[in-house]
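Handing you this structure, nothing more for now.
The values are calculated or read from the model by the stated rules, or taken from the named source; none is laboratory data. Predicted model only: the values in this text are computed from it and were never measured. Please note: Cβ atoms are built from the backbone with ideal geometry, for glycine as well, and neighbour counts cover all protein chains shown.
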Amino acid sequence: MNREIITKNFPMMKSDNVTPIDPVIDQPTFDDYKTRLLKLIPTEIIAAFVAVDSLLKGNMEQLQTKNLYDISVWIVFGILLILTPVYLKKFTSVLSKSQLTLSTIAFVIWVMTIGGPFFILWGNLTFILGSILLILYTLVVPIFYK
């Protein structure tokens, strides 16, 4: 599945070969706001974080201590943060550095909204800050990323 955002600057190529699309014959369609928004959210990585975070929280007794959860959730967050641009580039064909960067930032904001390791630092303030950032990011970034 190709999740690269099609913009005016996107090099338009035919999928079968590497010849550029003739703009007169093949009218390129650019991604609209909703499509850009959806393509900027790294859903698989967010889902992976939610799943692992839930597993860790569900097994808090086996972890024996909250400190082990705290360390574990930071490690998982760090690994998925590094994995986000790698995964998007390799498995969803995103090549744009700006899109990779914006999707990685989106992952951080989504994790803030969920709580995750940021809850350890800021407590309930994390949910408020994360929600405000998520709303602003969701509204603003797809408008300016064209």
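So that you can scan it fast, the table gives a plain yes or no per residue for (1) outside any loop (DSSP other than H, G, I, E, B); (2) of a type in the set (A, V, I, L, M); (3) at pLDDT 95 or above:
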{"residue": "55", "(1), (2), (3)": "yes, yes, no"}
{"residue": "62", "(1), (2), (3)": "yes, no, no"}
{"residue": "85", "(1), (2), (3)": "yes, no, yes"}
{"residue": "142", "(1), (2), (3)": "yes, no, no"}
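Something else: Consider the stretch 74-87. How many of its residues are over 19 Å from residue 134 (Cβ atoms) and crowded, with 19+ Cβ neighbours inside 10 Å?
Taking the stretch 74-87 first, the residues over 19 Å from residue 134 (Cβ atoms) are 74-76, 78-79, 82-83, 85-87.
If we keep only those that are crowded, with 19+ Cβ neighbours inside 10 Å too, we end up with 76, 85.
The total comes to 2.
Which condition number does residue 94 fail, the rest of (1) in a helix (DSSP H, G or I); (2) surrounded by 14 or more Cβ atoms within 10 Å (Cβ to Cβ) being met?
(1)
Tell me, yes or no, whether the stretch 68-83 has at least one residue that is under 24 Å from residue 7 (Cα atoms) and among the aromatic types (Phe, Trp, Tyr).
no
Of all residues in the stretch 77-86, which are in contact (Cβ under 8 Å) with a residue 24 or more places away in the chain and either over 16 Å from residue 43 (Cα atoms) or out of contact with any helix residue (DSSP H, G or I) (no Cβ under 6 Å at 6 or more places or on another chain) (or both)?
Hits for the stretch 77-86 are 81, 83.
Out of everything in the stretch 97-111 that is hydrophobic (A, V, I, L, M, F, W, C) and closer than 17 Å to residue 139 by Cα, what residue ends up being surrounded by the fewest Cβ atoms within 10 Å (Cβ to Cβ)?
The selected residue is 105.
Something else about it: Can you work out which of the residues in the stretch 116-146 that are farther than 26 Å from residue 32 by Cα and touching a residue at least 40 places away in the same chain (Cβ under 8 Å) is surrounded by the most Cβ atoms within 10 Å (Cβ to Cβ)? So that I can check it myself, show each step before the final result.
Within the stretch 116-146, the first condition is being farther than 26 Å from residue 32 by Cα, and the residues that meet it are 116-129.
Still in the list and also touching a residue at least 40 places away in the same chain (Cβ under 8 Å): 116-117, 120.
Working: 116: 23, 117: 21, 120: 16.
Out of the qualifying residues, it is 116.
Then there is this: So, in the stretch 37-60, exactly how many residues are in contact (Cβ under 8 Å) with a residue 60 or more places away in the chain and not acidic (Asp, Glu)?
Residues that pass the stated criteria total 9.
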